[in-house]
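A short write-up of the structure that comes next.
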Number of protein chains: 2
Amino acid sequence: MILTVTLNTALDITYRVPSLRPHASHRVTEVTERPGGKGLNVARVLAALGHPVTVTGFAGGGTGRALQNALTGIPRITDALVPVAGATRRTVAVVDTATGDTTQLNEPGPVIAPAEWSAFLEAYEDLLQSSSAVALCGSLPPGVPVGAYAHLVRAARAASVPVLLDTSGEPLRRGIAARPDFVKPNADELAELTGSHEPLQATRDARRRGARAVVASLGAQGLLAVAPEGHWQATPPSRVAGNPTGAGDSAVAGLLSGLVEHLPWPDRLARAAALSAATVRAPVAGEFDRAAYEELLPRVAVTERATAA
Amino acid sequence: MILTVTLNTALDITYRVPSLRPHASHRVTEVTERPGGKGLNVARVLAALGHPVTVTGFAGGGTGRALQNALTGIPRITDALVPVAGATRRTVAVVDTATGDTTQLNEPGPVIAPAEWSAFLEAYEDLLQSSSAVALCGSLPPGVPVGAYAHLVRAARAASVPVLLDTSGEPLRRGIAARPDFVKPNADELAELTGSHEPLQATRDARRRGARAVVASLGAQGLLAVAPEGHWQATPPSRVAGNPTGAGDSAVAGLLSGLVEHLPWPDRLARAAALSAATVRAPVAGEFDRAAYEELLPRVAVTERATAA
């Protein structure tokens, strides 16, 4: 199975309101709830593609229970979340039905106690034994050491499990130095890490910091991959309108599924780019539209780029 | 004991954010949660004043569990909430820490099934047997008949339990016709009910619709009472700055506690007005500031008004 790690899981709540006005009172017309956090999004897409996935990280409180209840209903996902005393955070997306715009409110997450972190590390090392690949996704909750991802990357490498890291800021900076097989920064994360806003330059810089391969997700420009096997750009056929929430997570699922299926790089990238665009196009944030995916997949252009700096 | 009924209980969540901007993403810096819904607010104030209170209404789902867990910690409150299959609604108050302004998002509440409504009616009639007074508070969740409060008022009257109704719109219109002992509309509710924006005129009009006594809460102007025993105005000493959330609920608690302690009308009104102002002044929305209450109580001016129309 593929393992995804979400240390800062979330119960994602979406509110639809006719028009959001600060300082006013609003009657919410529609409420939806789903398990959230980047690793859980990746897992959902992997499962939809037919891959058995195990999810780990932390869950606690009433929100954690709601999240875990919702996970039980998803075929091919195994819940290996580690219980914590604090309550899993909520994220609230307020969709203005007049404009379609979304206002996001993200709780910080529960403080993880040292004993809870130790319990997680033990569970993680056990799970690695039966994993074909592992994705480490998202932000760190309070209490988890900032070097956490470096530690998790090293444990995966010691167990010979290919490891992908998708995070930002200092956890990315520390994690990449531990030599993960893949990192998947977006344009902002790449610029923050390297100081460069030129995508190819920044992607190469990121790779020099320790990752075996860097796949940068560049929104409408698709994906840029810099790997020992070559450099590629995968571009969807046209600019896709919709909600970009979860598009990066779908790209991660595309890359990992392609890896465990031993697809060559261009096919992995085409899948990742098509899944990403099909997620932007889906009516529900973070889901992918299967028909759009199948229609887009053969139309993604993958071009090899010169490898010289 | 005093009984408070909250058919549409809520888990009240408060988010503090540095500055709320529509269509942006916000990191919530502080999250607080408390049991909410008008009848639960009334109960908390009654309990703080030393009165044993039983709360009923509905609770369900993870949010209902969180609400009931929080209630167990409050001395003198007995939880008699009836379980339902749907989840108790959340309300989210987003406080902009830069301006102090609040943006409110209210979920609609779970749909109550006919069998759940019947179970509530049975529990309510049992509870009335040991109640010295009952307050019927707030909006109706989906599935509860719009004439619900009229039914609950009649049951209280049949059991000879004094009944106060605090709601709005059609539930108030129907409920008042069933002849409750007290209604406590605010200025907007009064205007909606009677079509009149002149407080004394509207309060008298409301009384003619069936209530034995009407106590209108008029914000900074205090309370206006029209009862068979006389007409009074209770005015706090000065305009109080702060958050008016829950001020009306504190007034209800003041009126009911004064009723069961057999205080004369002017003393009940002084207490209600002081509690209301002390709630506006409290740092936490919906709590009252006890020191402010004790300081304000002797300074509330209660004046008798001519009873002629």
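The values are calculated or read from the model by the stated rules, or taken from the named source; none is laboratory data. Here the structure is a predicted model, which is why all the values come from computation and not from measurement. Methodologically, a virtual Cβ is constructed for each residue, glycine included, from the backbone with ideal geometry; neighbour enumeration extends over all protein chains shown.
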Response to the item:
Note on the stretch B:218-257: residues buried (at least 21 other Cβ atoms within 10 Å of the Cβ), free of Cβ contacts under 8 Å to residues at least 60 places away in the same chain and in contact with a Lys or Arg (Cβ under 6 Å, 6 or more places away or on another chain) are B:V226
Worksheet item: Which condition breaks for A:A272 when tested against (1) over 17 Å from A:Q221 (Cβ atoms); (2) crowded, with 22+ Cβ neighbours inside 10 Å?
Response: (1)
Discussion item. Step by step: first the residues of the stretch B:147-170, then only those that are touching a residue at least 60 places away in the same chain (Cβ under 8 Å) and assigned to a strand (DSSP E or B), then the one that is farthest from the chain's Cα centre (by Cα). Which residue is that?
Written reply: B:L164
Discussion item. Could you tell me how many of the residues in the stretch A:208-248 are of a type in the set (A, V, I, L, M), assigned to a strand (DSSP E or B) and touching a Phe, Trp or Tyr at 6+ places or on another chain (Cβ under 9 Å)?
Written reply: 8
Worksheet item: Only one of (1) among the small types (G, A, S); (2) in a helix (DSSP H, G or I); (3) touching a strand residue (DSSP E or B) at 6+ places or on another chain (Cβ under 9 Å) is not met by A:A291, so which one is it?
Response: (3)
Worksheet entry | Members of the stretch B:23-66 found to be closer than 23 Å to B:F288 by Cβ, touching a Lys or Arg at 6+ places or on another chain (Cβ under 6 Å) and not small (G, A, S), listed by number | B:E30, B:P52
Discussion item. Consider the stretch B:2-51. How many of its residues are on the phi > 0 side of the Ramachandran plot and surrounded by fewer than 23 Cβ atoms within 10 Å (Cβ to Cβ)?
Written reply: 2
Worksheet item: So A:T54 fits all but one of (1) more than 11 Å from chain B (Cβ to nearest Cβ); (2) buried (at least 24 other Cβ atoms within 10 Å of the Cβ); (3) in contact (Cβ under 8 Å) with a residue 60 or more places away in the chain; what number is the exception?
Response: (2)
Practice prompt. Name every residue in the stretch A:127-142 that is surrounded by fewer than 17 Cβ atoms within 10 Å (Cβ to Cβ) and either assigned to a helix (DSSP H, G or I) or touching a helix residue (DSSP H, G or I) at 6+ places or on another chain (Cβ under 7 Å) (or both), in order of residue number.
Written response: A:S132
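Listed here are the residues, each with its yes/no results for (1) touching a Ser or Thr at 6+ places or on another chain (Cβ under 7 Å); (2) within 13 Å of another protein chain (Cβ to nearest Cβ); (3) in a loop (DSSP other than H, G, I, E, B); (4) not basic (K, R).
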| site | (1), (2), (3), (4) |
| --- | --- |
| B:F58 | yes, no, no, yes |
| B:A66 | no, yes, no, yes |
| B:I74 | no, no, yes, yes |
| B:A119 | no, no, no, yes |
Item to complete: Would you point out the residue of the stretch B:81-98, among those that are touching a residue at least 60 places away in the same chain (Cβ under 8 Å) and over 21 Å from A:A93 (Cα atoms), that is nearest to the other protein chains (Cβ to nearest Cβ)?
Response: B:A98
Item to complete: Give just the number: which of (1) within 14 Å of chain A (Cβ to nearest Cβ); (2) in a strand (DSSP E or B) does B:A70 not satisfy?
Response: (2)
Item to complete: Kindly indicate whether any position in the stretch B:86-93 is part of a loop (DSSP other than H, G, I, E, B) and of a type in the set (K, R).
Response: no
Worksheet item: Which one of these does B:P108 not meet: (1) crowded, with 21+ Cβ neighbours inside 10 Å; (2) in the same structural domain as B:V53 (by TED's automatic domain parsing); (3) assigned to a loop (DSSP other than H, G, I, E, B); (4) of a type outside the set (S, T, N, Q)?
Response: (1)
